[in-house]
Amino acid sequence: MSITGYYDGTAVRVNERLQMNQRVIVIPIENEESLADTAAGGLHKYANLSMVELEKDAWREAMVKKHAQK
């Protein structure tokens, strides 16, 4: 998942609501034209849109399974 936002001089503001306890990695870009040069933008052309919904929580679910108390 990727979202966009902006820096207002004090804090980074995102354009979508985040879930509680969700971590965010900020990759500064100069303008929208350079978005394709970022890691997410560069890999976007390889995305399989039919798998996005299935992959949405895959990492979180894998970590819960891996670290679940037995």
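The values are calculated or read from the model by the stated rules, or taken from the named source; none is laboratory data. The structure presented is a predicted model; accordingly, all values stated were derived computationally and were not measured. Heads up, the Cβs are rebuilt from the backbone with ideal geometry, glycines too, and the neighbour counts pull from every protein chain shown.
Taking residues in segment 18-30 that are surrounded by 10 or more Cβ atoms within 10 Å (Cβ to Cβ), and partners anywhere that are part of a loop (DSSP other than H, G, I, E, B), the pairs with Cβ atoms closer than 8 Å and at least 6 places apart or on different chains are Leu18/Ile3; Leu18/Val24; Ile27/Thr38; Ile29/Thr38. So which pairs qualify, if the first residue must be in segment 46-70 and farther than 18 Å from Gln22 by Cα, the second must be of a type outside the set (S, T, N, Q) and part of a helix (DSSP H, G or I), the Cβ gap must be under 8 Å, and the two must be at least 6 apart or on different chains? Close Cβ pairs (under 8 Å, with a partner that is of a type outside the set (S, T, N, Q) and part of a helix (DSSP H, G or I)) do not exist here. Of all the helices (runs of 4 or more DSSP H) wholly in the chain, which have at least 1 residues that are among the small types (Gly, Ala, Ser) and at pLDDT 80 or above? It comes to 58-67.
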